[in-house]
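Down below is the structure, laid out as C-alpha cells.
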Amino acid sequence: MATVGLNEVVKVYDNGVLAVQDFNLQIEDKEFIILVGPSGCGKSTVLRMIAGLESITEGEISIDGKVVNNVSAKDRDIAMVFQNYALYPHMTVYDNIAFALKMRKVPKDEIDNRVRHAAETLQLTELLDRKPKQLSGGQRQRVALGRAIVREPKVFLMDEPLSNLDAKLRVEMRVQITKLYQQLQTTIIYVTHDQTEAMTMGTRIVVMKDGIVQQVATPTDLYNLPVNLFVARFIGMPPMNTIEGRLGKDEAGLFVCAEPIGTDSKEQSTHAVDSVKLYLLPRYETEEVLAHLDRPVILGIRPEHIYMEPEDVERYSDTKLQVKAEVVEMLGAESYLYLKTQWDSNLTARINDQVHDVRYDDMITVALDPDHIHLFDYETEVSIIH
Amino acid sequence: MKPKRKVWRGIVTALLLIWTFFPIYWMISLAIRGNEELTSALSFFPKSFTFEHFRMLFVKHHFEQALWNSFIVTAISLIIALIVGLACSYILVRVRFRFGLRKVSFFWILLVRVLPPIAFAMPLYFIFNYLQLSETRLPIIVAHLLINLPLIIWFTMTSIDSLAQGIEESAQIDGASEWQIYSHIILPQIYPSIAAVGMLSFMASWNEYLYAVIFIQKRDLFTLPLLLSTMNSEQELTQWGQIGAGGIISMIPVLIFVIFAQRYLIAGLSSGGVKE
C-alpha cells in the first residue's frame, strides 16, 4: 500500500560491472509492476536494491515518498518472495510464516490469527506442521507467498517466483498470484524473464536490457506500440517477424524493398531473386518516415498478422509474399507455420485454425496485414512506424 | 551376497569388535577383582568379585574432587570455546574481509591446532606464573580452549559456508537483526555439526593429560587423567584395580554427553529450504 520511486538509480558492482544505468520509475499505489528482460539485464539487481539487499551506487530509491537509500532491509517494511523459496528449513510451515511477526513482537494471539488466515488463503492449513523438506515445489512456493502476505507489507517484491516450478504448476500459480493481487490490493514489483508472465499479470511492464530501461508501458501498449526492435521481439510469442529491406517510394506509394542488409555482395548475388516490394499504407507518408527514404530499415510483423486465406491475400495484394512452408505446428485451436522467404529469411505465421493442407516445401502466398506493420531504423533499431 | 563373502565379513567384524572391546573388558575385569588376584598371574575371567576398588577411590583418593575438577574445566572451556568459536566462524564466513585477511586469520587459527601442544605449554606456563595464576584453574581452561577453538572454528565454518545465503536475506527482510539471524536462523541449521564438534571437544578436554600435568600443581585441582596417573607412581605399588575402577567412572560422563549430543546428529537438518 505504497508508492515506490526510483530516481536516476545506478548500480556498479565492486568488480566494476555496471548492472543498472539511470533507472527512473514512479510506481503508483496498488500497481502490479513487472520488470522483465533477458538474464543479466539488471532486473533482479533493481529489485534487490529496492529490498535493501544491495547498496545503491547512485540515485535515490523512495518508498511512500521517503528516501530509503540508507534504511536497512529489515526496516523498509517490504516482503520478498525468492526464486529458490528461501524457507527456513528447520522451522515448520507455521513458524516460517510466523517468523516475521515474531521478529516484530506482534502479540501471540494475533500471530496465530494472521498465520491461519494466510494459510487459508493459500490452502496451506493442512501443511502447517510440516517442515519445508516434506513439501513439494508448489507447496514451498505457496509457503514463501504466505510468509510475505502475512506481513501486510507496504510493497511486495517477487524475484522470479515461478521459474522453479514445472509448466503446469506455473500457470496455476500465475493465476493464484493474480487473484492474490486483486484480493490484497497492494503494490507488487515482480521480476521475471518470462514474457508470458509479464503480459498476463502486470498492470505496467518495464522492459530492461543491459541495465537500461527500454520501455515502460501497459501490456497492450507494449505489444502494439513497441518503441524499438528489442521490445518488439522480446514481447510476444512466437516473437515478431522481421524483414530487412530498404525504404523506397514510387507512384504507388511508400514501400519496403525486402532484401538482406549487411551481408556482403558476393553472397547476395548467389541469392539473386526478384525484389519484393511491400507497400505501406498512405497514412504513413509523414515527414518522419520519409526521412528514412532509401535507407535500410527493418519491417516487423507479428505472426498473427500474416494471412494465408486466398481472400485475405487478394485483399492485401500490396503486401503479398511467396514463401516456402518448412514446418507446420498444429496446436489445436491454432497453428504455427514456419516459413522461408525467397531471400532465405524465416517467418512465422499464426493461423487461427487447424492447417491441414500445407506440406513441407509447398510454395504458398501469404499477405502481411498493412495495418499492423512496424518499421524500425536499421541502425538504431528505434521504431519508425507502429 | 555369496555365502563365502558373508562369512568373511562376519569374521572381520568380529575381530574388530574384539579389538575395540577387549581393553574395556579388561578394565572392567581388573576393577572388580580382589586385590589378591591382582598381584598374582592374571586369569582371563575374574575369580573373585569386589567393589572395594571403587570404595577406595573415594575414600583414599578423593575421586569426587577430581570428577568435579574435570567437569568444571571441561564444561567451562567447552562453553567458552563454542560461544567464541561459533561467532568466529560466522564472522569469518559472512563478513567481508579486505586484503585476504580471511585466509590469514584462518591459517593462524589452524596453526594452533597443527603445532605440537607442548610448544604452547612453556610460554603459557611463564605467563601464568608471572600473573600468579598458576594456583588456579584458569591456565588449564585456557589451555583447553587452545585445543578446542581451532577445531570448532574449522568444523563449523564449512557448515555455515554451505548454508544457502538466500535464507539469511529472507530473514533480513522479515525483520530479523544480525543477532537474530545468527541465533534463530544460522545456529539451528548447523546443530548437527555443533553436536559433532561438541562431542569431539568434550572428549579432548575430558581426557587431556599433557597440559594438566604442566599447569596443575595443587592436588585438590587435579583432573581425572592426572589423578589416575598418580596411582601408577613409583612410590607405591601400582593400584591396577583402582585405576580400572577410575577408568570406568570417568567413561560415564563422556557416554552421557555423547548420548545427549547424538540426538542432534541428524543429517539433512538444513535441507529443503531452497531449491537446489
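Key figures
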item: Leading residue by the ranking (nearest to the chain's Cα centre (by Cα)) among those in the stretch A:217-262 that are surrounded by fewer than 18 Cβ atoms within 10 Å (Cβ to Cβ) and aliphatic (A, V, I, L, M); result: A:MET237
item: Tally, over the stretch B:165-202, of residues that are within 11 Å of chain A (Cβ to nearest Cβ), among the β-branched types (Val, Ile, Thr) and assigned to a helix (DSSP H, G or I); result: 5
item: Qualifying positions in the stretch A:88-100 - farther than 18 Å from B:VAL274 by Cβ and within 34 Å of the chain's Cα centre (by Cα); result: A:ALA98
item: A:SER62 vs. criteria more than 19 Å from A:GLU197 (Cβ to Cβ) and not in a loop (DSSP other than H, G, I, E, B); result: yes
item: Which numbered condition A:LYS168 misses (of (1) of a type in the set (Lys, Arg); (2) part of a helix (DSSP H, G or I); (3) within 14 Å of another protein chain (Cβ to nearest Cβ)); result: (3)
item: Hey, B:TYR264 modelled with pLDDT of 80 or more, surrounded by 15 or more Cβ atoms within 10 Å (Cβ to Cβ) and within 14 Å of chain A (Cβ to nearest Cβ) or not; result: yes
item: Residues of the stretch A:74-84 classified as facing chain B (nearest Cβ under 7 Å), closer than 19 Å to A:ARG104 by Cβ and not in a strand (DSSP E or B), total; result: 1
item: Residue satisfying all of: in the stretch A:343-357; farther than 18 Å from A:CYS257 by Cα and surrounded by fewer than 16 Cβ atoms within 10 Å (Cβ to Cβ); farthest from the chain's Cα centre (by Cα) among these; result: A:ASP357
item: All strands (runs of 3 or more DSSP E) inside the stretch A:241-333 with 1 or more residues being more than 17 Å from A:ILE364 (Cβ to Cβ) and modelled with pLDDT of 90 or more; result: A:241-250, A:253-258, A:276-279, A:296-301
item: Condition check for A:TYR181: in contact with a Leu (Cβ under 8 Å, 6 or more places away or on another chain), surrounded by 19 or more Cβ atoms within 10 Å (Cβ to Cβ) and among the aromatic types (Phe, Trp, Tyr); result: no
item: Every pair of residues 6+ apart whose Cβ atoms lie under 7 Å, when the first sits in the stretch A:156-170 and is in contact (Cβ under 8 Å) with a residue 60 or more places away in the chain and farther than 15 Å from A:THR196 by Cα while the second is among the hydrophobic types (A, V, I, L, M, F, W, C) and part of a loop (DSSP other than H, G, I, E, B); result: A:ASP159/A:PHE82
item: Unique match (being more than 14 Å from every other protein chain (Cβ to nearest Cβ), among the β-branched types (Val, Ile, Thr) and free of Cβ contacts under 8 Å to residues at least 40 places away in the same chain) among A:VAL17, A:VAL9; result: A:VAL17
item: Residue that is surrounded by the fewest Cβ atoms within 10 Å (Cβ to Cβ), among those in the stretch B:146-164 that are small (Gly, Ala, Ser) and more than 8 Å from every other protein chain (Cβ to nearest Cβ); result: B:SER162
item: Within the stretch B:36-135, helices (runs of 4 or more DSSP H) holding 3 or more residues that are closer than 30 Å to B:ARG219 by Cα, over 22 Å from the mean Cα position of the chain (by Cα) and among the aliphatic types (A, V, I, L, M); result: B:52-61
item: Failed condition for A:ARG48, given (1) touching a Lys or Arg at 6+ places or on another chain (Cβ under 8 Å); (2) within 21 Å of A:PHE23 (Cβ to Cβ); (3) within 11 Å of another protein chain (Cβ to nearest Cβ); (4) part of a helix (DSSP H, G or I); result: (1)
item: Candidates B:ALA212, B:ALA245, filtered to the one that is touching a Pro at 6+ places or on another chain (Cβ under 7 Å), modelled with pLDDT of 90 or more and within 24 Å of B:ILE24 (Cβ to Cβ); result: B:ALA212
item: Of all residues in the stretch A:130-143 being within 8 Å of another protein chain (Cβ to nearest Cβ) and in a helix (DSSP H, G or I), the one that is surrounded by the most Cβ atoms within 10 Å (Cβ to Cβ); result: A:ARG140
item: Flag if A:MET330 is at negative phi, in contact with a His (Cβ under 9 Å, 6 or more places away or on another chain) and not basic (Lys, Arg); result: yes
item: Residue match in the stretch A:198-211 (condition: out of contact with any Cys (no Cβ under 7 Å at 6 or more places or on another chain), modelled with pLDDT of 90 or more, crowded, with 17+ Cβ neighbours inside 10 Å and in a loop (DSSP other than H, G, I, E, B)); result: yes
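For every residue, the table says whether it meets (1) surrounded by fewer than 18 Cβ atoms within 10 Å (Cβ to Cβ); (2) more than 9 Å from chain B (Cβ to nearest Cβ); (3) in contact (Cβ under 8 Å) with a residue 40 or more places away in the chain.
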| residue | (1), (2), (3) |
| --- | --- |
| A:GLY52 | no, no, no |
| A:GLU58 | yes, yes, yes |
| A:ILE63 | no, yes, yes |
| A:LYS66 | yes, yes, no |
| A:ALA86 | no, no, yes |
| A:HIS90 | no, no, yes |
| A:ILE97 | no, yes, yes |
| A:ALA100 | no, no, yes |
| A:ARG114 | no, yes, no |
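The values are calculated or read from the model by the stated rules, or taken from the named source; none is laboratory data. What you see is a predicted model; the values in this text were computed from it and never measured. Ideal geometry is used to build each Cβ from the backbone, glycine not excepted, and the neighbour counts take in all protein chains shown.
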